[in-house]
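Peer 1: This is the structure, below, for whatever I ask next.
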Amino acid sequence: MAEPSAQSPMKLMALQLLLWHSALWTVHEATPLGPARSLPQSFLLKCLEQVRKIQADGAELQERLCATHKLCHPEELVLLGHSLGIPQAPLSSCSSQSLQLTSCLDQLHGGLFLYQGLLQALAGISPELAPTLDTLQLDVTDFATNIWLQMEDLGVAPAVQPTQGTMPTFTSAFQRRAGGVLVASQLQRFLGLAYRGLRYLAEP
């Protein structure tokens, strides 16, 4: 009769180990995959390339506004930006400290969509700047489309694409050019945040 009693603790330990493994597996299955595993590497690399391209376009617009119209300091135009009602796009969900994949993609697309509208509102800024503005607008549109298609692939895209809200009205050439400086500056900050978030997602 000693043998069964000696085996009882072993059986109990085996049962506990089995239950522990079962619980661990359940937690593992219930935990969503990390954000980097949820997005194709090819998509992330393309996004990073698109960000760099738009940053270069924006920098060119800023340089030309500075060289041609002496509008070189966006911080001097902040009050004008407030009076014109130039909105800014948040991107808090793409911070590596609190990254939420679905919210990040949604904010990223929403911000790019907003800047599409702002760049459209700058149409007629000046003949010499029109090609640069057109290129910037086209690249922002392509990036927004890329994000939207990935959201559709993940099944997290809204049922209806967003509609553009009220855009600022520029009533003079100076307002339009000053608006160009502010929009380009805000877009660069937005893209800087986007780049850091996307690079974090692309890390192995």
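Peer 1: For Thr163, only one of the following conditions fails: (1) in contact with a helix residue (DSSP H, G or I) (Cβ under 6 Å, 6 or more places away or on another chain); (2) among the polar types (S, T, N, Q); (3) at pLDDT below 95. What is its number?
Peer 2: Unmet for Thr163, out of (1) in contact with a helix residue (DSSP H, G or I) (Cβ under 6 Å, 6 or more places away or on another chain); (2) among the polar types (S, T, N, Q); (3) at pLDDT below 95: (1).
Peer 1: Turning to a different aspect of this structure: Could you tell me which of the residues Ser103, Ser126, Ser98 is within 14 Å of the chain's Cα centre (by Cα), hydroxyl-bearing (Ser, Thr, Tyr) and assigned to a loop (DSSP other than H, G, I, E, B)?
Peer 2: Only one candidate passes the filter, namely Ser98.
Peer 1: Report, by residue number, each residue of the range 82-141 that is open to solvent by 60 Å² or more (accessible area, probe 1.4 Å), more than 22 Å from Gly155 (Cα to Cα) and of a type in the set (D, E, K, R).
Peer 2: Scanning the range 82-141 gives Glu128, Asp134.
Peer 1: In the range 142-185, which residues are open to solvent by less than 60 Å² (accessible area, probe 1.4 Å), in a loop (DSSP other than H, G, I, E, B) and farther than 15 Å from Gly110 by Cβ?
Peer 2: Listed by number, the residues that qualify are Pro168, Phe170, Ser172.
Peer 1: β-branched (Val, Ile, Thr) and free of Cβ contacts under 8 Å to residues at least 24 places away in the same chain - does that describe any residue in the range 168-176?
Peer 2: Yes: the range 168-176 contains one or more residues that are β-branched (Val, Ile, Thr) and free of Cβ contacts under 8 Å to residues at least 24 places away in the same chain.
The values are calculated or read from the model by the stated rules, or taken from the named source; none is laboratory data. As the structure is a computational prediction, the values presented were derived from the model and not from experiment. When we count neighbours, we look across all protein chains shown, and the Cβ atoms used for this are built from the backbone with ideal geometry, even at glycine. For the accessible areas, the whole protein counts, side chains as well, though only heavy atoms, and no ligand, DNA or RNA atoms are used. Shrake-Rupley method; radii C 1.70, N 1.55, O 1.52, S 1.80 Å.
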